[in-house]
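The values are calculated or read from the model by the stated rules, or taken from the named source; none is laboratory data. In this text the structure is predicted, and so the values were computed from the model without any measurement. Counting neighbours? That spans all protein chains shown, and the Cβs are built from the backbone with ideal geometry, glycine included.
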Amino acid sequence: MLMCLTLLCCAASAAVSTGEHLFLDADAAQRAGRFADAGRLFEQCAESSEDLMPYAWSRLGQLYVLSGRGEEGLALYERVLSRFPEGPWVRLTKVRQADAFTRMGRREEARQASEAAFQGLSVHPWFMSDAAWQHAENCLALPEHRREAYRFYRHIAETTLLVALRTKATEFLLQSSDGEDRLYGIYGLIRSGNITDARKRWNLEKNPESGAFSKPEQTVLLDQFCWDTGMPFEERLRRIEDLLRQESGKFEYRVWLMLVLREQALAGNTAAAEEFAALLVRHFPEGRDGGDGYWWLSERFEKAGDTAGADRMYKRLTEACPGHVRAPRSRFNLANRARMEGKREAARSLYELLGEEHPYTPFAAEGYYRCARMAHDAGNAVLEREGLQRAAATGIEYFHAHRARYFLAQRFPEEKQTGARIQSAPGQPFLIGAPCPDETEAPLLQPLISSTPAWRRIHFLGRNGLEEGDWEALDLIMNSAPSLKKLWFPVIADAGFMRTLFQYLPGSDTDESGRIPETIRRRLDYPRAYWDLVVPVAKELNLDPYLILAVARQESVFCATIMSHAGATGVMQLMPATADWLARVDSRISQSQAANLKSPGNSIRLGAVYLERMLKCSEGNVIYALASYNAGPGNCDKWRARFPQADPEDFMEAIPFTETRDYVQKVMANYAAYLSLYPPVR
């Protein structure tokens, strides 16, 4: 009996392997534009592998649609949904179905398909962003569903940090026949810094026939009081506030305050701009706009070299908007300024307050660390030790926590630091990790999932960077039994889908059977993604595999299919031009590898080779190598020439590019975190 089972398993494994090869060949043909070959291979894959059949049929349907054979594509999608009505391919196929209907001008059917794809999702997964936009545009074309589209555009204009998406949403809103929609469009213009166009649109809406304002005559009065220089400012401000009180909470007044705040600052009337920020906070305390106003003003003051003005804004932001996302950074900036000006007691007080208000944050870690360094300079060993201990306790994810452990070991040897030693360069100890936990054994129930088709698929799709992988991960997160999710989560993260996992993990199981052991939970933050691809490359290049993972985590959160606005692609975020250059100058890289950066294996290999070259150019200095990886070796060479005697930490802080400075610090923190969670590779 056991032999029969073994033979059956081997036969199934062979079938899956054949299907996988066919799927990969078909995917390559599709990327190359050879749709006929791709279609034939997807058909063969479907015949060879029951596990991959729905994905292969869905891809084949997509090929038909892209080839102009929409009805045939839709028929294949229906075949997938009828034969396989449950599984990760259902949402994916619904999205592709919606795209086909959209291309064919069948808007209502497209809307229904995409609505079904989003059903049950409280949060839209990052990889469904394009589908969400397409759904909104289909709703916009259908009069009875138009409000749904505008609600989506309003949400984007109000919440997104991405200027390109906000601009796109704003364009739709400004075309609406609804006055409040157009107000949200003006709001989007202001948030994007397009103040001139925002004022033009605002003035157009003053027309009573526009319908944007509940009381157009009051908006005219507001502008008159704002800009009437013949009246004392205090009197103008009093009258403005009287009007705001009469119509408390109106969105139009919130938009107006945001607009005139920035207009007054741009006109050089910073005192007036500060008062308008205060009005925003007083009359719209539930929003973030007042805090945003203070932060925007602080940036202007910093650029103008007015440190007193910037500090005044930081102080107002922390006092008036303590829950604002910029509040901890504002407190931190105040503390840094006091330290740099030699006001040690004031700085220490602010750093400690920051640690109390925002514990277990990078601000707390660096704040306590700065307290310790100031105490060291003052010869106060008691306060130095206390600051280092507090910094080290903030968390393994923070650079200054690991730097604090290094100084604890140096200054106070009785403080036994058993974590991994990390060098900035050969012979230069720099960081010490937290004590590594005992190796966590695989849960006894793991065979319950390792023998499933989903286990095979998630590994296959992940290691090959196939778009179906995130859909597979989403389905496992949403639909697995609660008691099995704690087994699936590490598998999902290790397969390269950390970004998808962390969109849903905070709200996952709270019952006893679903709780995740602490060590496993921490390792979800730092998974050994693509481990079977990383380790061989690391050994070949004599690199620490955890350093490669540290870079990949910072670059892409291990997303294989991601592409930056600049064009950087894949797990290690290589620019295509850099990849082409590597293929020309380094025999370890082939042109075919450089041509497909969405393959995790290719991206990891190219990124590791590039990192190894940067290390060689930097005489093994990890800080220089990481700065070169991010900003280019030319820039790093300039900084090395400018700061030739700087120690590693001082060099990091002297990097003039904020992005690169933060990048180096975060990758080093990632590296130390990995060595705090996993034993070294022998």
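Restricting segment 555-609 to residues that are of a type outside the set (Gly, Ala, Ser) and touching a Pro at 6+ places or on another chain (Cβ under 8 Å) leaves a set whose member that is surrounded by the most Cβ atoms within 10 Å (Cβ to Cβ) is Val571. The lone criterion from (1) in contact with an Asp or Glu (Cβ under 8 Å, 6 or more places away or on another chain); (2) modelled with pLDDT of 95 or more left unmet by Pro656 is number (1). Comparison of Ala38, Ala46, Ala29, Ala12 shows that the only residue that is at pLDDT below 95 and either part of a helix (DSSP H, G or I) or assigned by TED's automatic domain parsing to the domain that holds Phe460 (or both) is Ala12. What are the residues in segment 341-370 that are of a type in the set (A, V, I, L, M, F, W, C) and in contact (Cβ under 8 Å) with a residue 24 or more places away in the chain, if any? Across segment 341-370, the qualifying residues are Ala347, Leu354, Phe363, Ala364, Ala365.
Screening Arg245 on (1) in contact with a Phe, Trp or Tyr (Cβ under 9 Å, 6 or more places away or on another chain); (2) more than 21 Å from Glu299 (Cα to Cα) shows it passes everything except condition (1).
Only one entry in Ala335, Ala364, Ala346 is modelled with pLDDT of 95 or more, farther than 24 Å from Phe251 by Cα and within 23 Å of the chain's Cα centre (by Cα), namely Ala364.
Among the conditions (1) part of a strand (DSSP E or B); (2) of a type outside the set (Lys, Arg); (3) within 27 Å of the chain's Cα centre (by Cα), Phe430 misses just one, which is (3).
Quick check on segment 197-212. Is at least one of its residues farther than 29 Å from Cys139 by Cα and in contact with a Gly (Cβ under 9 Å, 6 or more places away or on another chain)? No.
Among the numbered conditions (1) more than 27 Å from Thr394 (Cβ to Cβ); (2) not assigned by TED's automatic domain parsing to the domain that holds Leu597, the only one that Leu466 does not meet is (2). Look at (1) crowded, with 20+ Cβ neighbours inside 10 Å; (2) touching an Asp or Glu at 6+ places or on another chain (Cβ under 8 Å); (3) at pLDDT 95 or above and you find that Leu142 fails only one, number (1).
Ser214 meets all of the listed conditions (1) closer than 24 Å to Pro322 by Cβ; (2) small (Gly, Ala, Ser); (3) touching a Lys or Arg at 6+ places or on another chain (Cβ under 7 Å) but one, namely (1). Within segment 199-233, the set of residues being assigned by TED's automatic domain parsing to the domain that holds Met258 and within 19 Å of Arg262 (Cα to Cα) comprises Thr219, Val220, Leu221, Leu222, Asp223, Gln224, Phe225, Cys226, Trp227, Asp228, Thr229, Phe233.
Among residues of segment 635-655 that are under 14 Å from Gln428 (Cβ atoms) and not assigned by TED's automatic domain parsing to the domain that holds Cys617, none has a Cβ under 8 angstrom from a residue that is of a type in the set (D, E, K, R) and loosely packed, with under 13 Cβ neighbours inside 10 Å at a sequence gap of 6+ or on a separate chain.
Meeting the requirement of 1 or more residues that are without any contact (Cβ under 8 Å) to a residue 24 or more places away in the chain, the helices (runs of 4 or more DSSP H) wholly within segment 203-289 are 216-227, 233-246, 270-283.
Restricting Leu484, Leu466, Leu476 to residues that are of a type outside the set (S, T, N, Q) and more than 19 Å from Tyr55 (Cβ to Cβ) narrows the list to Leu484.
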